[in-house]
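Data first, discussion second: the structure below is written as C-alpha cells.
Each reported figure results from applying straightforward, stated rules to the coordinates on display, with no laboratory input. This structure is a prediction, so every number in the text was calculated from the model and none was measured. Every residue, glycine among them, receives a Cβ derived from its backbone with ideal geometry; neighbour counts consider all protein chains shown.
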Amino acid sequence: MSPPGPPPVPPIVHRLRGNPSKKELPSGPEPALLPKCPEPPPFLRAYAADEWWRVAPELWALGLLTVLDTACLAAYCYSYGVWRDAVEALARVADRDEQMRGLLIKTQDGNARRNPLVKVAADAAADMVRYAGEFGLTAVARSRLAAGIYGQPTPSKFDGLLAIPIQRPKNEG
C-alpha cells in the first residue's frame, strides 16, 4: 500500500516546476542522462516507432528521458500504436456499416454485441494516457511543469501581512 499524499516527484521534474517554497530539493542518485536521443527499441514498429520519434527527442532535450525511462516510453509508444491501429480498423468497419458504425457486431447466433475493437481501442487509450502523464505529455501534466517555469506562486491571503508598517501613536509628552 502506498503512503498517503501525492507520489514523489523526480528531482528533474521538481527543478522544471520550480521551487517556490524554497525547500531543499531531494538529493540522491539520479539515472544517467543519455548522450543522445536513443533509437526506438526494435519491437516498436509503424505507428509506435513514429510516436517514439515524435516525443523522444523532446523528452531527451528536457532531461526527462534517461536510461531508466526508455522502457516506460516504449510502453507508451506501443499503446499508442495499438490504439491507432484499432481506431483505424474501426473507421474502416464504420465505413461499411452505416447503421451501427462498427460499434456493434452480430454474433453467430444473430445477436448484437460490442465490437471487440472498441474495447481494444479503449484499453490502449487508457494505457497511453496513463503513460503520457508520467512524461508530461498531457495538457494537465504540462501545466504543472509550466506553472513552475513561467508562473508566479499564487499569493497567500497572508502575503504582505508582516510587511505592513505598524503605525504607533506618537507620545504626547
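Using the alpha carbon gyration tensor of the range 83-146, what are the three equivalent-ellipsoid semi-axes (square root of 5 times each eigenvalue), largest first, in whole Å?
33, 12, 8
Could you rank the peptides 120-131, 69-80 by their average count of other C-beta atoms within 10 Å per residue, with the highest value first?
By packing density, highest mean first, the sequence is 69-80, 120-131.
Among Ala112, Val82, Tyr47, flag the residue with its Cα farthest along the positive direction of the charge dipole of the range 46-149, charges on Cβ as +1 for Lys/Arg and -1 for Asp/Glu.
Ala112
Could you check the simple spin-label distance between Val93 and Cys72, using points 7 Å along Cα→Cβ, in nm with one decimal?
So the two model labels end up 3.3 nm from each other.
Rounded to the nearest 20 debye, what is the charge dipole size of the range 32-143 about its Cα centre when +1 sits on each Lys and Arg Cβ and -1 on each Asp and Glu Cβ?
Roughly 220 debye for the range 32-143.
For the range 46-149, what does the relative contact order come out to in percent, with C-alpha contacts under 8 Å and a separation of six or more?
Averaging sequence separation for qualifying contacts and normalising by length gives 26 percent for the range 46-149.
Contour minus end-to-end for Phe43 and Ala126, with contour as 0.36 nm per residue of separation and end-to-end as the Cα-Cα distance?
Once the chain is fully extended between Phe43 and Ala126, it gains 27.8 nm.
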